[in-house]
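The values are calculated or read from the model by the stated rules, or taken from the named source; none is laboratory data. Keep in mind that this is a model prediction, so the values were computed, not measured. Cβ sites come from the backbone with ideal geometry, for glycine too, and all protein chains shown count toward neighbours.
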C-alpha cells in the first residue's frame, strides 16, 4: 500500500510503475530524502526516483527502459556503506533499492555453494546457512546486519573472517548480472547452462572479476553464488597485549602467515582500546597495542592447539596474555560491534588496505595529526584498528569520532590530512566512493584506468550505470 | 584537497521548536540501518528481525527510523518544507520503540518515538493537521473519550451495577474497553469478582490522554489528568489496575513525566494477576491441552518493560503451553495500531497486524493472547484482513473460564537454583561496584532467577526471571555446584571468570549481553568483569 504518494514528476514514473507497481515506485521528495546519504557524512545528488524491484525480470525491464531513455541508474543495497559509493553523482537517477530481492535461491550441498539474490543481508544469510549446518567463509562487513551481499561485493567490502577467507569478493563463485542492454550474464561455471555453479575459474577468463568491485558501474548484480563450509562449532579465543606497536604488528604478520585465525584484529594504541573497550587495559599499564585472536574449527583439539601455537608465538614478541574476554565479546557481538561507538560521535573513517608491516609507519603519522589537532582535548576520540586479511595485509581502520556538529569543521581538516598521509604510506582503499575516489584516480596508473574505461564503454555504451563514478570528481 | 561536509549551511527552522531539541541526538545516528533491516538472530543472540513493522509493509526506507531521521534533519535544515505529505508520513509511525530497542548507537538507543511526537506537536502548532485528529481531540474535550460516545454511557456495559464510592483497588477501564472492546472490560470485571477483589471504578472516568500525546495534541492533557486524579483520590485508591497497555503506559510514564505525582500503586492487570498467582491466591486450569502464543503490546513491553508478568500468568495455567513467536518481548513486532496509526491509516494498521498474525500462525498455536484492547482490536482486524481463523483473545478473557481458586499449580523446582540464590544472597559483595538498578538474570537449565542491585553491595535475589535484565548468565549445573562452595567472593569471581574463559564440557558459563557495552559500563559492570578476571 502507499501512504505518501508519488509526485509523478520523474519522466519515467509511469513506465516504472507499469514494470513494477505503484507501491514500489516513488519520487516524492519525502521518500527520496531517506536515500540521500549512506552511513558517512558525504553528500552528492539525491536520487530522482526510487524503485524496489522484486525480480531479475523487473530489473531487466527497468534497465532496458533506462538504456532506451539514456537515464542513469544506480543500484543500492543496505546503504550502510561508509564511503558514499551508493550516492548518485548526477541528477534524476533511478535508484534501485534492492532489499526486496533477498531470497536464498539454492544451497548446493554437492558443490558447497549458496546462490542468493543480491539484496539479501549477510546476517540473514548466516542465519539461513546455520540452520543447515553450514557457514560462509567471509561473513560480511561489520555492518552485515544491514549490508547486502550484492552491495558488499560491488565495493570490495571487507570484515568478519577476512583474516582466514579474505575480503567479500574472495568468496564469490559466480554472479548473475543484468547488462546495459537488459540481457543477463552468469559468470563462473554459469557460462554453461547445464553446469552447477561450482567454480569461478573455468574454460574462459574470469568475467566474475570484472564485475566485482565495480561500484555498480558495469551492471546490476541480481544473484551472487558464494562458497560455503561445514559449520565449525569449536572456538578458542586469545587476547594479547604488547609494549610496542612494532612488536604487535610483527606478531600480527607472523600469526597471519600461518592462517590459523578466523579473525585477527589489532588495536594500534591504548586510546583505540580505551575507545573500543573502556577499562580493558586498566590493569595492564605497560600494554600499548592489543590483539584479539579467534580460532574456529570443526574439532576442539584442533582449535585448542592452534590457540596454543599462537600463544607460544606471541611470547616471542613479548606479548602479555590478557585472557580472552575481549575476543569473545568481539565475536559474539558480530554485526553489533561498531554501533555503540557512535555514542562517541559521528565518525570520519579512512578505511583502506595496507601491508601489515607498514602499520607502524602510518600510525606514526596519524599520532602526529592527532597531536597537532589536539583531538582528545577537543573530545574527539579515535580508533585505529587493523583486521588481518588474507596472508600478509590488513585493513587500516583509523576513525575519528566527532562528538558534536560544531567540531566537524576542525575534524574534517584533521581527517583530510589523515587521508593524504594514509595514501602517502602505500595504502590502497578497498572501496572508492566519494571518500577516496579523487585521491585514488589521481594516483592511478593511466593504463590501468584507460583499460577500465574501455571495458566500461564496451559494456555500457550509453553510460547509464552509475555515471561519473571513477572519474575522480567530487 | 578537502572534501565537503555538506552542500548546505545548517539553518534551524525556528517553528520546529520541539523537534529541534533533538538535533544533537540526531547527530549520533550514523545511519547504520539496524533499525530498518537488522537480523541479529545468529550474531548476538538478540532476536531482532526486520524491526520496523511499518517499513516492512510500506517498503521504503523513509518509514524506518534511519530514513525518518534523515527526513527530520532535512526539515530542520529547510531542505524540505512542511507539507501534507509530511503530515501523512509523520503519522505512519506507531512509536512502538522497536527501532530504539534495536539501536545501540547511544546508551538507550536513538529516541525516535519522542522525536516523532515532537514533530507532531510542531505540525499541530504550525497548523499542519489531519482533520480526523481534531475530531478526536474535540471528542475528548467534550465527552471524555475519543470515540464521540456519550460520557454517560461509559459504565453502561456493566449493567445496573452499583459501584462503591471507595475501594482499595480501582479498575481504570479505559476508553477502548468502555466503548469498543467491551468484552475485555466485562471479563476483567467478572474475573475480579470471581477472585474476590475489593474494587470499584471511577464514576466519571476520563480518557487517559494517550491518544492526545501520541498525536501531538497536548493542550487538553492537563485538564483530563487532573479530573482523573481527583476521582482516584476521592475513591481512596491504593492500587489502580488497568487492562489497557496504552492507559498503563500513560499513567506509569507520561503522567509523571508531565509533572503529576500520585501516591497509589499502578499495575497492569497482568502484573496484578501475576502477584496473585505468586501469592497462591489464584490458579488456573484449562480442561484440555492448549498451545498459545503471546503478543507483547508495545506500551506494556518496550515502553513500560513488562514482559515476564503476562508470561508467568499464562504459564501458570495448567495444561497450557506458551510458544514464543519469532520476534517477542523487547524485539516483538508491533501490531500496527498504536501511535495513532490505526485511526489515521486503518488499512496500513491492518496490513501490519496481518503480518503479526502470520508470525503467530507460524507457531502453530491454538490461541493468540494479548494484553491490550487496542492490540486486540488491531489483531482481530488483522486476522480478518488476511482471512486467518486464529483466535485472538485478551488475557482476562482467556483466563476467566480457567479460574481454579486457591490451588496453586505445582511447578517442579530446581534445588540447585534455590542453593544458588541462597549463596548469592549471602554474598552481596560479589556485586560490588554495580550501580543501583543493575539487573542480572540467571539461567540454570531454563530455571530463572535474577539479582537486582538495590544499593552499594545490597541486592535482592528474586526467584523469577527479570523483566529487563542487563545481562543474562547461563550456567552449567556443575559450574554452579563449584561456585557455591567458595566462602570468598574473590575466589567466586576468579572461578567465575575461569569458567567463561576456559570452559569445559561440564563447567561453563555463557553471557548474553542485553545492553550495549557503553550502557553496561555506565552501570558499573567494569568492576564486576575485572573482579572476575575477565578484563
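The listed residues are B:415, B:463, and the only one of them that is more than 15 Å from residue B:525 (Cβ to Cβ), touching a helix residue (DSSP H, G or I) at 6+ places or on another chain (Cβ under 9 Å) and surrounded by fewer than 19 Cβ atoms within 10 Å (Cβ to Cβ) turns out to be B:463. If the condition is being within 22 Å of residue B:533 (Cα to Cα) and either within 30 Å of the chain's Cα centre (by Cα) or without any contact (Cβ under 8 Å) to a residue 24 or more places away in the chain (or both), then region B:429-448 contributes B:431, B:432, B:433, B:434, B:435, B:438, B:439, B:440, B:441, B:442, B:443. If the condition is being touching a strand residue (DSSP E or B) at 6+ places or on another chain (Cβ under 9 Å) and farther than 19 Å from residue A:337 by Cβ, then region A:271-288 contributes A:284, A:286, A:287, A:288. Considering A:426, A:433, which residue is surrounded by fewer than 16 Cβ atoms within 10 Å (Cβ to Cβ) and under 25 Å from residue A:356 (Cβ atoms)? After applying the criteria, what remains is A:426. With a requirement of 3 or more residues that are closer than 30 Å to residue B:515 by Cβ and more than 9 Å from chain A (Cβ to nearest Cβ), the helices (runs of 4 or more DSSP H) lying completely within region B:24-137 that satisfy it span B:53-58, B:65-76, B:98-102, B:112-125. Restricting attention to region A:357-406, the residues that are under 30 Å from residue A:137 (Cβ atoms), over 19 Å from the mean Cα position of the chain (by Cα) and crowded, with 21+ Cβ neighbours inside 10 Å add up to 3. Those residues that are part of a strand (DSSP E or B) and touching a residue at least 60 places away in the same chain (Cβ under 8 Å), I need them from region A:19-54; list them, please. The answer is none; no residue qualifies. Among the residues of region A:321-337, those that are part of a loop (DSSP other than H, G, I, E, B), touching a residue at least 24 places away in the same chain (Cβ under 8 Å) and either more than 7 Å from chain B (Cβ to nearest Cβ) or under 15 Å from residue B:516 (Cα atoms) (or both) comprise A:322, A:334, A:335, A:336, A:337.
The residue list A:308, A:315, A:297 contains one member that is without any contact (Cβ under 8 Å) to a residue 24 or more places away in the chain and away from chain B (no Cβ under 14 Å), which is A:315. Given the condition part of a helix (DSSP H, G or I), surrounded by 20 or more Cβ atoms within 10 Å (Cβ to Cβ) and within 25 Å of the chain's Cα centre (by Cα), answer yes or no: does some residue in region A:69-92 qualify? No, because not a single residue in region A:69-92 is part of a helix (DSSP H, G or I), surrounded by 20 or more Cβ atoms within 10 Å (Cβ to Cβ) and within 25 Å of the chain's Cα centre (by Cα).
Filtering region B:101-111 to residues that are surrounded by fewer than 24 Cβ atoms within 10 Å (Cβ to Cβ) and modelled with pLDDT of 95 or more leaves only B:111. When restricted to residues that are touching a strand residue (DSSP E or B) at 6+ places or on another chain (Cβ under 9 Å), surrounded by fewer than 24 Cβ atoms within 10 Å (Cβ to Cβ), outside any strand (DSSP E or B) and more than 12 Å from chain B (Cβ to nearest Cβ), region A:93-114 contains 4. For region B:449-472, a residue qualifies if it is under 17 Å from residue B:413 (Cα atoms), in contact (Cβ under 8 Å) with a residue 24 or more places away in the chain and assigned to a strand (DSSP E or B), and the qualifying residues are B:449, B:461.
Of all residues in region A:45-52, none are surrounded by fewer than 20 Cβ atoms within 10 Å (Cβ to Cβ), in contact with a strand residue (DSSP E or B) (Cβ under 8 Å, 6 or more places away or on another chain) and more than 14 Å from chain B (Cβ to nearest Cβ). If only residues of region B:58-67 that are surrounded by 22 or more Cβ atoms within 10 Å (Cβ to Cβ) and over 22 Å from the mean Cα position of the chain (by Cα) are counted, the one that is nearest to residue B:105 (Cα to Cα) is B:67.
Residues in region A:144-201 that are closer than 21 Å to residue A:390 by Cβ and assigned to a loop (DSSP other than H, G, I, E, B): A:144, A:147, A:155, A:156, A:157, A:158, A:161, A:166, A:167, A:199, A:200, A:201. For residue A:267, the stated conditions hold: it is within 14 Å of chain B (Cβ to nearest Cβ) and under 22 Å from the mean Cα position of the chain (by Cα).
Here the condition is being more than 12 Å from chain B (Cβ to nearest Cβ), in a strand (DSSP E or B), touching a residue at least 60 places away in the same chain (Cβ under 8 Å) and on the phi < 0 side of the Ramachandran plot; of A:358, A:354, it holds for A:354 alone.
If we scan region A:181-197, do we find a residue that is under 20 Å from residue A:38 (Cβ atoms) and either buried (at least 19 other Cβ atoms within 10 Å of the Cβ) or within 14 Å of another protein chain (Cβ to nearest Cβ) (or both)? No - not one qualifying residue is present in region A:181-197.
The requirement of being touching a residue at least 40 places away in the same chain (Cβ under 8 Å), out of contact with any strand residue (DSSP E or B) (no Cβ under 7 Å at 6 or more places or on another chain) and either more than 21 Å from residue B:58 (Cβ to Cβ) or away from every other protein chain (no Cβ under 14 Å) (or both) is fulfilled somewhere in region B:316-329, by at least one residue. Restricting B:511, B:475, B:500, B:449 to residues that are surrounded by 20 or more Cβ atoms within 10 Å (Cβ to Cβ), within 14 Å of chain A (Cβ to nearest Cβ) and either touching a strand residue (DSSP E or B) at 6+ places or on another chain (Cβ under 9 Å) or more than 24 Å from residue A:326 (Cβ to Cβ) (or both) narrows the list to B:500.
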